[in-house]
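To start, the structure itself, in structure tokens.
The values are calculated or read from the model by the stated rules, or taken from the named source; none is laboratory data. Owing to the predicted nature of the structure, the values given are computational and were not obtained by experimental measurement. All Cβ positions, even for glycine, are placed from backbone atoms using ideal geometry, and neighbour counts span all protein chains on display.
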Amino acid sequence: MRKRSVPTREYFLLDINPVIRFMILSDVVWSSGVGMLGPIFALFVVGFIEGANAAVAGTAATIFLITKSILQIPIASFIDRVRGEKDDFWVMFLGSVGTVLMPLWYLFIHTPMQLYTVQFVYGALTACTFPSYMAIFTRHIDKSKEGTEWGVYFTLVDLSSAAAAAVGGVLATTVGFQWVIVGVATMGLLGVLFLLPVRRYLY
């Protein structure tokens, strides 16, 4: 029986078609930004939102997740009904731009209600990006490499998020939450730029 080799080249995105390569790179960079804020989000809420406590932080996270969950299916249904992938791309791209800029609003809000509003909009924009991203990724994944390429995606994204979590905690302690938030938005925008080359490969 022929020994199956470990797909080392896939970890460096060498044997992956361009659409999948750019989309993985995009999410790795984006996740590096989001990962800096995620683990310390509750600390930020308690420290910078007037009258906030753990319950406010929990409610904010709940609003984001519920909004994202409810809106994902209608949005996914819409992009499935429209033929071609250009609509998927623009929903993904414009939604991604809006999503990566949302953390900047944390710099200007001061009350729980303002936080809840931001979280609602954040969830709605994320609901646009997730189904469209997955639709394009699924259509272009290399045949017979489905498990490998999804595995590479989640491995690289999780590793970048793990490293970013540690960096975010250190930066929040040394330079402050405000600079962490700016870093999150900056990394997010860099990640979104990796989506632009994907457009030329879509039908």
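Does Ala52 satisfy the condition of being of a type in the set (Gly, Ala, Ser), surrounded by 15 or more Cβ atoms within 10 Å (Cβ to Cβ) and in a helix (DSSP H, G or I)? It is false that Ala52 is of a type in the set (Gly, Ala, Ser), surrounded by 15 or more Cβ atoms within 10 Å (Cβ to Cβ) and in a helix (DSSP H, G or I). Among the residues of the range 154-177, which ones are surrounded by fewer than 18 Cβ atoms within 10 Å (Cβ to Cβ), polar (S, T, N, Q) and closer than 14 Å to Ser32 by Cα? Passing the criteria: only Thr155. Would it be correct to say that Ala57 is at pLDDT below 95, under 28 Å from Trp179 (Cα atoms) and aliphatic (A, V, I, L, M)? Against the criterion (at pLDDT below 95, under 28 Å from Trp179 (Cα atoms) and aliphatic (A, V, I, L, M)), Ala57 qualifies.
Pairs are defined by a Cβ separation below 8 Å, a sequence spacing of at least 6 or placement on different chains, a first member in the range 43-61 that is in contact (Cβ under 8 Å) with a residue 40 or more places away in the chain and among the hydroxyl-bearing types (Ser, Thr, Tyr), and a second member that is part of a helix (DSSP H, G or I) and surrounded by fewer than 19 Cβ atoms within 10 Å (Cβ to Cβ); the pairs so defined are Thr59/Tyr116. Cβ-Cβ distances below 9 Å connect the following pairs, each with a first residue in the range 84-98 that is at pLDDT 95 or above, a second residue that is among the basic types (Lys, Arg) and in a helix (DSSP H, G or I), and a separation of six or more residues or different chains: Phe93/Arg199.
The listed residues are Ser26, Ser32, and the only one of them that is modelled with pLDDT of 95 or more and of a type outside the set (Phe, Trp, Tyr) turns out to be Ser26. For the range 135-148, residues that are of a type in the set (Gly, Ala, Ser) and either in a helix (DSSP H, G or I) or crowded, with 16+ Cβ neighbours inside 10 Å (or both) total 2.
In summary, Gly151 fulfils each of the numbered conditions (1) buried (at least 18 other Cβ atoms within 10 Å of the Cβ); (2) under 19 Å from the mean Cα position of the chain (by Cα); (3) more than 24 Å from Val97 (Cβ to Cβ) with the single exception of condition (1). Filtered by the rule that a residue be at pLDDT 90 or above, more than 13 Å from Ser32 (Cβ to Cβ) and aromatic (Phe, Trp, Tyr), the range 178-203 gives a lone residue, Trp179.
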